[in-house]
Amino acid sequence: MTRTRGLLTAAAVPLILMAGCARPGEAGSAADPILESSAASPTVLVRIAHEGGFMIRDYNYGRMPVATIYSDGRVITTGPTTMMYPGAALPNLLVATITPERARQWADDALKAGVRTGADLGQPGVADIPDTVITATSGGATQTVRVTALNEAAPDDSNLTAAQQAARKKLAAYAKELTSFAETGSPAPVAYAPDAVAALVQTYVPDPQAKQADIAWPGPALPGAVLNPDTKLSCVTVTGAEKDTVLAAAAKANARTPWTSGGKQWGITFRPFLPDETGGCAALKDAR
């Protein structure tokens with residue numbers, strides 16, 4: 001069965017791409033709590049993410065980083081997903097635990113692999129492919145590299161010099177090693193349990209090929225605060241015991257499940273927050 005990694009499941013994409021008619025909510029309302037940062041929050045040592053590509057902006061709000069390594073040794077990745085339609089309602093997030101020393105080594109290795117701000121990785125002759133953005137913090141300094149079509153460019157692409165090809169190959173090998181380790185290393189990863197989750201909400205549009213039974217929405221009133229006024233994409237942040245109830249319901253749903261709230265049907269894409277992400281739905285406004 002075909003599997004994919006690093007983006008929302010293909011089945012989840014239609015929900016977030018649909019332009020609905022949700023009514024604007026009000027930012028800062030009780031339905032959109034602000035997540036406070038904690039002094040104990042771990043530092044991000046390495047993050048691999050995808051940005052851009054040929055897709056409308058709404059998709060970006062739900063996109064998760066491919067892999068994140070924290071200073072406390074947690075390694076959180078987007079695990080493989082099937083291409084079944086409709087796909088699961090929740091993204092497959094995995095968390096493994098390594099020693100803080102090994103976490104720092106991964107950050108050191110990222111710099112050795114070429115993660116350096118301003119590095120010239122060239123522009124291959126490939127269109128509409130997301131950029132891979134790798135950030136690493138080592139020795140008190142943070143470096144970020146952005147690579148267009150890291151894994152999609154041809155090895156003989158005439159737009160790339162030999163040096164650029166070599167640098168891209170080195171970065172790709174590092175990224176592959178990290179994601180493979182996080183999924184298959186020892187101890188084995190387990191499902192990530194977030195402290196908060198965002199529900200990205202639009203008016204539900206029925207799909208004649210995937211008729212679904214309604215599920216009553218057990219969280220804050222929908223639709224919540226508006227993220228994109230053009231498409232009326234809205235968002236509510238769910239925390240605490242209410243979050244646990246929502247996640248339990250979502251585990252029984254799929255990406256095309258209609259959720260009912262306030263006498264209306266809503267399409268929802270779930271976007272769990274990672275340990276370093278604070279600010280609730282408002283923090284997603286700058287998603288790329």
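Read-outs throughout are calculated quantities, based only on the coordinates presented, and are distinct from any laboratory measurement. Bear in mind the structure is a predicted one, so any value in this text is a computation, not a measurement. Counting neighbours? That spans all protein chains shown, and the Cβs are built from the backbone with ideal geometry, glycine included.
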*Could you put SER180, SER234, SER71, SER158 in order, starting from the residue whose Cβ has the fewest other Cβ atoms within 10 Å?*
SER158, SER180, SER71, SER234
*Give me the angle, in degrees from 0 to 90, between the Cα long axis of helix 240-250 and the longest principal axis of the Cα atoms of the chain, rounded to the nearest 10.*
90
*When the Karplus curve 6.51 cos²θ - 1.76 cosθ + 1.60 is applied with θ = phi - 60°, which whole-Hz ³J(HN,Hα) does each residue of region 260-272 get, with x for Gly and Pro?*
9, 7, x, x, 10, 9, 10, x, 10, 10, 8, 10, x
*Could you tell me how many degrees, from 0 to 90 and to the nearest 10, lie between the Cα long axis of helix 162-184 and the main elongation axis, the longest principal axis, of the Cα atoms of the chain?*
50
_Degrees, to the nearest 10: 100-112 long Cα axis against longest axis of the chain_ = 60
_FRET efficiency for GLN209 and ALA154, using Cβ-Cβ distance with R0 set to 30 Å, rounded to 0.05_ = 0.25
*Using θ = phi - 60° and Karplus 6.51 cos²θ - 1.76 cosθ + 1.60, couplings along region 146-153 (whole Hz; Gly, Pro as x)*: 10, 10, 7, 6, 4, 9, 9, 5
_Proximal lysines relative to LYS112, as straight alpha-carbon distance under 29 Å, when same-chain residues fewer than 8 apart are discounted_ = LYS169, LYS170, LYS176
*Hits among aspartates and glutamates - C-alpha to C-alpha of LYS243 under 12 Å, sequence gap 8 or more where chains match*: ASP195
_Low-density loop positions, trypsin sites (Lys or Arg not before Pro), region 47-142 - DSSP coil, at most 13 other Cβ in 10 Å_ = none
*Subtracting the Cα-Cα distance from 0.36 nm times the residue separation, let me have the gained length for ALA191 to THR161 in nm, one decimal.*
6.7 nm
_Calculated [θ] (222 nm, deg cm²/dmol) that DSSP helices of n ≥ 4 give over the chain, each run adding -39,500 (n - 2.57)_ = -6000 deg cm²/dmol
*asked:* Over the chain, what is the relative contact order in percent, taking alpha-carbon pairs closer than 8 angstrom and at least six residues apart?
replied: 28
*Quick one: which residues, 5 or more positions from ARG74 or on another chain, have an amide H under 5 Å from its amide H? H modelled 1.01 Å from N in the peptide plane, none for Pro or chain starts.*
ILE98
_For a quick check: sort GLU101, GLU152, GLU277 by the number of other beta carbons within 10 angstrom, fewest at the front._
GLU101, GLU152, GLU277
*Which ³J(HN,Hα) values, rounded to whole Hz and listed in residue order, are derived for region 185-192 from phi using the Karplus coefficients 6.51, -1.76 and 1.60 in 6.51 cos²θ - 1.76 cosθ + 1.60 with θ = phi - 60°, glycine and proline given as x?*
x, 10, x, 5, x, 10, 5, 7
